[in-house]
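Asks: First the structure, which I've put down as structure tokens, then a few questions once you've had a look.
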Amino acid sequence: MDGTTVLGRTIEIDGEIEGAEDLVIQGTVRGRIVSKKDVTVDASGSVEAVVSTHNLSVNGRLQGNVDATGRVEIGDSGRMIGDVKAPRVVLADGSKFRGKIDTAQED
Amino acid sequence: MVLGAGIRVRGSVKGAEDVVLRGHVDGTVTLPANTLTVESGARLDGDVDAQSLTLRGELTGDVSASEQVRLDPGARVVGDLKTDRLVVAEGALFQGHVEMAFELPAGLERKR
Amino acid sequence: MNPPKRKKRDWSEDGTWDTAVKASPAPPPATEERRTVSVSMDEAVAVAAAPVAAEGASTTIGPSIVVRGRLISHEDLVVHGRIEATLRSSRDLRLEASGIVLADVEVRSATISGTVVGSIKATERVELTAEARVVGDIDTPSLVVHDGARFRGDIVMAGLEGMARPAKKASNRTAAKPRPVAAAAAAVVVDPEPTPEPVVIPPSRPAPVVVPAPSMGPAASPVSPATPVDQAPARSRRQAAAEPESPAPSKRGWFSLG
């Protein structure tokens, strides 16, 4: 089903989120995120998770490895620690990133 | 906050805002000062600790609600409920224990 | 309300009386004055409505009435008084706010505004109004509980068989339990207090009140649930689900980022 789920600022999820719709994280997620659509970590969001998604946009904090089929963008307020595997990666001016980036599609 | 129909969570959900569940949560939901609504078509496999719970979907788990539990038509619940206010609508299905604190009229407590 | 009809006595198969209690429409509950009549087995008078009671037939048990023993009815019952009798009715029970039932109830439907200490089993419907106070188990296909009702006990409703919790399903979660067929096979149980019980009858009483000797109390209470034995281990079952592999980078502070 289409739609967007927004996990509010006070929401804390420990575990795994599987999404067939867009996911916006304003709160805290620890664990794993698996999405066929887009995942957005808002400025207030904090994610410690392995992320597997189509597009990912990080304006908050993300710690964990990311495997994306589309584009990964770390916004200017985004902070990320982890390895990124995606065909397209954007690090905005002002973003902070530590990890490996792999844009080659070996599989 | 709405957990959409396409979302599935395995794990615990905690929060300080009202949550509407349209998808599927497999784990505990803790909203000590807020309301959880499990919509029709949604499913929760896990215990709930909330101020209020409104159910139109499926719940398998124990519920502790400091204020109210409301089972609307279509609700399907297997689990135990602990609350002080319970409303069950015609068409809701429930199986489990209900615990509400109250006193019987004097002299009836030990009749059985 | 129909005028009460006198019916002849009728032995049931287990040798106890099948009776219905006929009482007048509620007399004024003004005083605590009660007439108490002890009815022994021999002189018990049965006023049993036939199983094919006329539609709309109804019995009201007034606020000053106490019925002990066993009460079987084939017409609607409206209870303002106190019933310490196993109550079985093929029709409907309405327990008014002043009414008290201290025994198990098996009826077609029950609307409870009073107090019940005992199990309620209905073939059609149970409704607890805002004034209801119920301690006991409820077994019904359809349940309505109004805000304000107070209840402690187990609820059994058919239709949830597929939903039993894995950890609890195997044992005695009642979900999978087949609904007993009309308590037909209820065993006879000796009443723990086999003394003749008094019947209290209101002063103005057009119809005779019948109460069977209580020593034959049938075990019409198959509903008492098995005590859950397995509640403890059921709790931790989900906790295991949520541990994914940890994100690769080790924990260095966010602010150590260059």
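Asks: Which of the peptides C:116-123, C:96-103, A:69-76 is most tightly packed, and how do the rest follow, going by the mean number of other Cβ atoms within 10 Å of each residue? Write down the numbers at each step before the final one.
Replies: Working: C:116-123: 24.0, C:96-103: 20.6, A:69-76: 17.9.
So the order, starting with the most tightly packed, is C:116-123, C:96-103, A:69-76.
Asks: Quote the FRET efficiency, to the nearest 0.05, computed for B:Ala106 versus C:Glu161 with a Förster distance R0 of 41 Å and r equal to the Cβ-Cβ distance.
Replies: Numbers: r = 41 Å, r/R0 = 1.00.
Computed FRET efficiency for B:Ala106 and C:Glu161 comes out at 0.50.
Asks: Amide H to amide H under 5 Å from A:Arg71: which residues, 5+ apart in sequence or cross-chain, H placed 1.01 Å off N in plane?
Replies: Hits under the 5 Å cutoff: A:Asn55, A:Leu56.
Asks: Using amide H atoms built 1.01 Å from N in the peptide plane, name the residues 5+ places from B:Val9, or on other chains, whose amide H lies under 5 Å from its own.
Replies: Placed amide hydrogens put A:Glu18, B:His24, B:Val25, B:Asp26 under 5 Å from B:Val9.
Asks: Starting at 0 and stepping by 10 Å, how many percent of the alpha carbon pairs of segment B:1-68 end up in each bin?
Replies: Computed distribution, short to long bins: 26, 65, 10.
Asks: As I understand it, the dipole of segment B:51-112 uses +1 on the Cβ of Lys and Arg and -1 on the Cβ of Asp and Glu, about the Cα centre. Which of B:Leu104, B:Gly61, B:Leu81 lies farthest toward its positive end?
Replies: B:Leu104
Asks: Over chain A, what is the relative contact order in percent, taking alpha-carbon pairs closer than 8 angstrom and at least six residues apart?
Replies: Working: 348 pairs, mean separation 17.0, N = 107.
Worked out over chain A, it gives 16 percent.
Asks: Pairs of Cα atoms under 8 Å, at least six residues apart: use those to get the relative contact order of chain B, whole percent. Don't skip to the answer; put the middle values down first.
Replies: Details: 327 pairs, mean separation 17.1, N = 112.
15 percent.
Asks: What number of lysine-lysine pairs in segment A:4-107 show an alpha-carbon separation below 21 angstrom, given a sequence spacing of 8 or more or placement on distinct chains? Before the final figure, lay out each step's value.
Replies: On the way: A:Lys36/A:Lys85; A:Lys37/A:Lys85; A:Lys85/A:Lys96; A:Lys85/A:Lys100.
Final tally of qualifying lysine pairs is 4.
Asks: Please report, in Å, the Rg and the Dmax of segment C:60-149, where both are computed over Cα atoms only.
Replies: 11.3, 33
Asks: Using the Karplus equation 6.51 cos²θ - 1.76 cosθ + 1.60 (θ = phi - 60°), what ³J(HN,Hα) coupling, rounded to whole Hz, does each residue of segment B:25-35 give in order, writing x for Gly and Pro?
Replies: For segment B:25-35, the Karplus-derived couplings read 10, 10, x, 7, 10, 10, 9, x, 10, 9, 9 Hz, x marking Gly and Pro.
Asks: For the charge dipole of chain A, defined by +1 on Lys and Arg C-beta atoms and -1 on Asp and Glu C-beta atoms about the Cα centroid, which residue among A:Ser35, A:Gly19, A:Val58 has the Cα displaced farthest towards the positive pole?
Replies: Of the options given, the answer is A:Val58.
Asks: What translational diffusion coefficient, to the nearest whole µm²/s, does chain A have by Stokes-Einstein, given a Kirkwood radius computed over alpha-carbon pairs, a temperature of 4 °C and 1.567 mPa s viscosity?
Replies: Details: Rh = 13.2 Å.
D, rounded to a whole number, is 98 µm²/s.
Asks: Another question about this same structure. Out of the DSSP beta bridges found with both residues in segment B:9-83, what percent are antiparallel (nearest 5)? Display every interim value, and only then the final one.
Replies: On the way: 0 of 33 bridges.
Counting DSSP beta bridges with both partners in segment B:9-83, the antiparallel share is about 0 percent.
Asks: Could you size up the charge dipole of chain A around its Cα centre, putting +1 on the beta carbon of Lys and Arg and -1 on that of Asp and Glu, and report it in debye to the nearest 20? Each step should come with its number before you reach the end.
Replies: On the way: 13 positive and 18 negative charges, 68 e Å.
For chain A, the charge dipole is close to 320 debye.
Asks: A follow-up question, please. What spacing in nm lies between the two simple spin-label points modelled at A:Ser44 and B:Gln51, each 7 Å away from Cα in the Cβ direction?
Replies: In this crude label model, A:Ser44 to B:Gln51 measures out at 1.7 nm.
No value in this document is a laboratory result; all are computed from the given coordinates. Computed from a prediction, not measured in an experiment: that's the story for all the values here. Backbone-built Cβ (ideal geometry, glycine too); neighbour counts: all protein chains shown.
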